[in-house]
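Before any comments, here is the structure.
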Amino acid sequence: MTTTSRLLRATLATSLLAVSTLAVSTAGPAPVEARDDTPWTLPVTPPRCTTTQADSGDVAGCLMVFYNDPADTGWGQPPSPGVGEGWTWKGYWYNGSAALSEWEATQIATNTADVAGMSAGTLQTHAAAQPLFEGFLDEIQANGYDVHGAVGYSFRCTSGNGGWSCPSGESDDLSNHAWGLAIDMNAGTNPIRSYAGVDGATACQTPIQTDIPQWVVQTAERWGLYWGGYGWNSGCQSTSTQRSSVYRDPPHFEFRGTPEQARAIHEFNLGNDPRRRCFDTITDAGEPVERCNLTGIPEAGWRLPIDTDPPADAAAAMINLTAVLPAAAGHLTLEHCGPIEGHDTSTVNFGVGETAAAMAVVPLDDDGRFCVHRSTDVHSIVDVVGFLTESGERLWFDPSAPQRLLDTRRAETPTPVADQAAAVVPTDDTSARIANLTVVASEGPGHAQAAKCTAVNTTPFSNINYVEGTTRANMVLLDNDADGSCVWVHRATHVVVDELGRLLPDEGLGWRIEQPRRVLDTRRCRDNWCEGQPAGDRAFEVDLGLDAPAAAVTLTIDRVTAPGHAWIGGCDELTDGLPPTSNVNYVPGKAVANMAIVAPDDGKVCVYLHTAADVIIDVQAELVEDRSLGLRPIAPARVHDSRRHDATD
C-alpha cells in the first residue's frame, strides 16, 4: 500500500469515528420488541427521501435514491474492467487483480471485528459506507433475524452489460458491488427473479419468495440502504401499481447517496442508538476528540487519557495496567498525551479474548495524566499503587538478588490457596517490597491481589488475571505492616512470591523518570542484535545503554516455540548458566510481558530463555543514587476502567 493510500484510508476512518457533536433524540434504533417476523412477500416502496432528509441523516421511512453512477457523486473513479494489464477474472469477480491494487487499498475496507456473526476479515465494503452496512447487519442480527452470510465488494459488471466480466467495458457498466456500495445477504433463501402478473393481475400483486420481514427492510432504510426486493425500474408503489413484470433482487441492499450523506446517517443513528458509548480520546497530534461506537470497546488506535488524581508534586505513577476483552491479539502502550509520531513500545501483550496485566512506572504530565494507546479493540483498566514524588514520606528502593518468600507448591503439604482466600507472605520485617508474583496451576478463571493483609479484597483492583491451568506472573508492590502482606485469590491457585528488593525510608535508590524506550527487539536486525531468534536453555547479554545502578524494564516474550520461562537480571546472578527465579512464563501462540527491576553491570544484563523465543526490552525508568524522587505507596486505587467509567451516555 502506498503512503497516499494509507493517508486516504486513515482520513476515511477518522472522519467516520471522530464524532464531536451528535444529535440525540428518542427515535433511535432501539431493539424491536414486538416485531412481526412474517416474510414481506408483497413489498411496496415508501416515498423517496428529500435532500433535506438525507443531509440530516434521519432517513427512516424513505428511500435513499440519489444517483445511478457512484463516480459522479464522490465515490471514486475505478479502473475500467479489462482495460490495460493486470486483470484476472475469477469466475465471479476481478477482486485481487493487480490492476485493482490501488483501488482496493484506498477505497475498500474489511471488517476488523465480528459483524452479525461473521468473523473479522470476511466482509468488504467501501470504507466511507462501511458503518452503514455493518450497523444494519449487526442491528437485525441483534433483533432476531439470522444473517447466514453476506457478500459486499465484488468488482464486476451488471449482468445486463454483456455479462459480469464485461472485458474492455466501461466503468459505468460496473455493479455497485464494485464500489463496495452493495451487499447480498442470505441469497439462498431470497432468490433473484422476475415476477409476472397472473390471470390479468398486475405483477405487483404476485407474492415474492423471501424470508425477509418488513422490519428488516425498514431497518435497512434507517441506515440509508435501498432494498432490491422492491424491484428495479421504480418497483411497486402499491399492490395496484400496473406492472407486467417486476425484477426482484431480495438479497440485495445498496447505498445510493453521497459520502457526506453516509456520514450524516451514521452519525444520526449512532447518536440515537441506546447502545452508543462515547470516550474522551487524544489524537496523535495531541488534540482531544470524543469518539463513539456501539460496541462500547475502545478501538484500535485510540489513545485514552488517564487522570490519576496525583499529589501536587508527583512526577510519575506506579500502576497495574490490564487489558480486557481484546478483539484480536495486540498490545497496550503507555505514553504521554502530547503529539506523538509513533507507538514504539508496549506494556501489556495479549491474545484474542485474553485478560492480561503488567505493572509499570509511567510519567505524568502537568495535569496528572498519561495516555493508553491500543493496537486493537480492547478495554483497559488502570490501578494505581503509588506515586513518585519529590516531597512527603517517600521510600527508596534497595535492590537485592531475587529471594523466594512463598511457594505454596513447596509447602510440607502442597496446597493451593483456596477460592476467596489469602495466603500470608512471610517477611522478616515490615518493609514494603517490590516482588514478582506468579500464579501456577490455577483451578479456574480468576484474579489475584497482593497488598497488606488488612487491605486485600476490600477494594476493586487486581495484579494478575488468570484462567484454568495457566501460569502467569506480574511484578507487584508488596505493601507491609505489623499484620504482614497477603496474596488473595478469586479462584484456587498455587502462588509464588519472589522478593526483588525492599522499599526503605532512609536508604536506597531514587528514581529517574523518562518516556519508555526500546533497547532490544530480536525480531528485527538492529545494531545491538542481528542473530535471529535466541535459542533456548541459554542466557545472552544485553546492553541497556545506561549507567544507572538499576533500571525498571518491560520484558516481552514473543514468537514462542514451546512452553517455557524467561528471566532478566545481573549476569553475576546466574549459577552454572541458570537463573535463580523467573520473570515471565510463556506458551506458544501468545506474546506476554512483565515488568522487572534489574541491576546492570556496566549497563549490561543477561536474559535467560528456557525455550527459544524472541525478546523485546523497553526501559521504563532508571534507579539512581540521587534521592530527589521517591516512591509514595498508596492503597491500590482503580482510576480507570473503560468498561464502566469512561463511557458517557
For this session: Could you tell me which residue of the range 134-149 is farthest from LEU181 (Cα to Cα), considering only residues that are surrounded by fewer than 23 Cβ atoms within 10 Å (Cβ to Cβ) and without any contact (Cβ under 8 Å) to a residue 60 or more places away in the chain?
Result: ASP146
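Limited to the range 369-422, what total is found for residues that are more than 30 Å from GLN515 (Cβ to Cβ) and of a type in the set (S, T, N, Q)?
The first filter runs over the range 369-422 and keeps only residues more than 30 Å from GLN515 (Cβ to Cβ), leaving 403-422.
This time we only want the ones that are of a type in the set (S, T, N, Q), so: 403, 408, 413, 415, 420.
Qualifying residue count for the region: 5.
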For this session: Mind telling me which of the residues THR458, THR438 ends up being out of contact with any Pro (no Cβ under 9 Å at 6 or more places or on another chain), outside the structural domain of PRO516 (by TED's automatic domain parsing) and without any contact (Cβ under 8 Å) to a residue 12 or more places away in the chain?
Result: THR458
For this session: Check off (1) over 34 Å from the mean Cα position of the chain (by Cα); (2) crowded, with 21+ Cβ neighbours inside 10 Å; (3) of a type in the set (S, T, N, Q) for ASN176 and give me the number that stays unchecked.
Result: (1)
Exercise. LEU321 fails exactly one of the following numbered conditions: (1) within 19 Å of the chain's Cα centre (by Cα); (2) part of a loop (DSSP other than H, G, I, E, B); (3) at pLDDT 90 or above; (4) not acidic (Asp, Glu). What is the number of that condition?
Worked result: (2)
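Mind checking whether some residue in the range 115-133 is hydrophobic (A, V, I, L, M, F, W, C), under 22 Å from THR189 (Cβ atoms) and in a helix (DSSP H, G or I)?
Going through the range 115-133, the residues hydrophobic (A, V, I, L, M, F, W, C) turn out to be 115-116, 118, 120, 123, 127-129, 132-133.
Filter once more, so that each one left must be under 22 Å from THR189 (Cβ atoms): 115-116, 118, 123, 133.
From what's left, in a helix (DSSP H, G or I): 133.
Checked the range 115-133: at least one residue is hydrophobic (A, V, I, L, M, F, W, C), under 22 Å from THR189 (Cβ atoms) and in a helix (DSSP H, G or I).
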For this session: Look through the range 105-117, keep the residues that are more than 18 Å from ALA329 (Cα to Cα) and surrounded by fewer than 21 Cβ atoms within 10 Å (Cβ to Cβ), and return whichever of them is modelled with the lowest pLDDT.
Result: GLY117
Exercise. Do you know which residues across the range 325-371 are under 24 Å from GLY446 (Cβ atoms) and assigned to a strand (DSSP E or B)?
Worked result: GLY330, HIS331, LEU332, VAL348, ASN349, PHE350, ALA356, ALA357, ALA358, MET359, ALA360
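Output the residues belonging to the range 597-638 that are closer than 30 Å to GLY296 by Cα and either surrounded by fewer than 18 Cβ atoms within 10 Å (Cβ to Cβ) or of a type in the set (Ser, Thr, Tyr) (or both).
Restricting attention to the range 597-638, the residues satisfying the condition of being closer than 30 Å to GLY296 by Cα are 635-638.
Passing the criteria: ALA635, ALA637, ARG638.
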Exercise. If you check THR4 against the conditions, is it assigned to a helix (DSSP H, G or I), modelled with pLDDT under 95 and among the β-branched types (Val, Ile, Thr)?
Worked result: yes
Seminar exercise, completed: Of PRO31, PRO47, PRO39, the only residue that is modelled with pLDDT of 50 or more and buried (at least 17 other Cβ atoms within 10 Å of the Cβ) is PRO39
Problem set entry | Total residues in the range 208-230, condition within 21 Å of PHE66 (Cβ to Cβ) and in contact (Cβ under 8 Å) with a residue 60 or more places away in the chain | 13
For this session: Mind listing whichever residues of the range 49-72 are of a type in the set (Val, Ile, Thr), in a helix (DSSP H, G or I) and over 12 Å from THR258 (Cβ atoms)?
Result: THR52
Exercise. Hey, among SER175, SER171, SER244, which residue is within 30 Å of VAL83 (Cα to Cα) and touching a residue at least 24 places away in the same chain (Cβ under 8 Å)?
Worked result: SER171
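Rundown of residues vs (1) over 21 Å from the mean Cα position of the chain (by Cα); (2) within 21 Å of SER175 (Cα to Cα), yes/no style:
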residue	(1), (2)
LYS90	yes, yes
TYR94	yes, yes
SER97	yes, yes
SER101	yes, yes
ALA105	yes, yes
THR110	no, yes
ALA113	no, no
GLY117	no, no
THR122	no, yes
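Name the single residue, out of those in the range 378-409 being aromatic (Phe, Trp, Tyr) and within 36 Å of the chain's Cα centre (by Cα), that is farthest from PRO579 (Cα to Cα). Quick ask: steps written out before the conclusion?
Step one: filter the range 378-409 for residues aromatic (Phe, Trp, Tyr), giving 387, 396-397.
With the extra rule that they be within 36 Å of the chain's Cα centre (by Cα), the set shrinks to 387, 397.
Working: PHE387: 31, PHE397: 22 Å.
Top of the filtered list is PHE387.
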Problem set entry | Count - residues of the range 342-372 that are in contact with a Gly (Cβ under 8 Å, 6 or more places away or on another chain) and under 23 Å from VAL584 (Cα atoms) | 3
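Here's the yes/no breakdown for (1) aliphatic (A, V, I, L, M); (2) farther than 24 Å from ASP146 by Cα; (3) part of a loop (DSSP other than H, G, I, E, B):
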| position | (1), (2), (3) |
| --- | --- |
| ASP199 | no, yes, yes |
| ILE208 | yes, no, yes |
| SER238 | no, yes, yes |
| PRO250 | no, no, yes |
| GLU254 | no, no, no |
| ARG263 | no, yes, no |
Exercise. Can we say THR556 is of a type in the set (S, T, N, Q), under 34 Å from the mean Cα position of the chain (by Cα) and over 21 Å from SER400 (Cβ atoms)?
Worked result: yes
For this session: Go through the range 410-430 and give me each residue that's part of a loop (DSSP other than H, G, I, E, B), surrounded by 13 or more Cβ atoms within 10 Å (Cβ to Cβ) and at pLDDT 90 or above.
Result: PRO416, ALA418, ASP419
Problem set entry | Subset of the range 558-605 (residues that are of a type in the set (Gly, Ala, Ser) and closer than 26 Å to ASP398 by Cβ) | ALA566, GLY569, GLY570, SER582, ALA593, ALA596, ALA599, GLY603
Exercise. Among the candidates TRP103, TRP87, which residue alone is more than 21 Å from ALA327 (Cα to Cα), of a type in the set (A, V, I, L, M, F, W, C) and touching a helix residue (DSSP H, G or I) at 6+ places or on another chain (Cβ under 8 Å)?
Worked result: TRP87
Exercise. Just one of THR158, THR210 is in the same structural domain as ALA109 (by TED's automatic domain parsing), in contact with a Pro (Cβ under 9 Å, 6 or more places away or on another chain) and hydroxyl-bearing (Ser, Thr, Tyr); which is it?
Worked result: THR210
Exercise. Which residues, counting only those in the range 178-226, are more than 15 Å from ARG248 (Cβ to Cβ) and among the hydroxyl-bearing types (Ser, Thr, Tyr)?
Worked result: THR219
For this session: Pull up the range 268-285, narrow it to residues that are more than 20 Å from the chain's Cα centre (by Cα) and either crowded, with 20+ Cβ neighbours inside 10 Å or farther than 22 Å from ALA60 by Cα (or both), then point me to the one that is modelled with the lowest pLDDT.
Result: ASN272
For this session: Please specify each residue of the range 294-311 satisfying the condition of being surrounded by fewer than 21 Cβ atoms within 10 Å (Cβ to Cβ) and part of a loop (DSSP other than H, G, I, E, B).
Result: LEU294, THR295, GLY296, GLU299, ALA300, GLY301, ASP309, PRO311
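Here is a list: ALA621, ALA552. Which entry is part of a strand (DSSP E or B), of a type outside the set (Lys, Arg), touching a Phe, Trp or Tyr at 6+ places or on another chain (Cβ under 7 Å) and in contact (Cβ under 8 Å) with a residue 24 or more places away in the chain? Write out each step before concluding.
Values: ALA552 fails: touching a Phe, Trp or Tyr at 6+ places or on another chain (Cβ under 7 Å).
None of the others qualify; the one that does is ALA621.
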Seminar exercise, completed: Counted residues in the range 492-508 being within 27 Å of GLY630 (Cα to Cα), of a type in the set (A, V, I, L, M) and buried (at least 20 other Cβ atoms within 10 Å of the Cβ) come to 3
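The values are calculated or read from the model by the stated rules, or taken from the named source; none is laboratory data. None of these values were measured; they are calculated from a predicted model. A quick note on method: Cβ atoms are made from the backbone with ideal geometry, for glycine too, and the neighbour counts reach across all protein chains shown.
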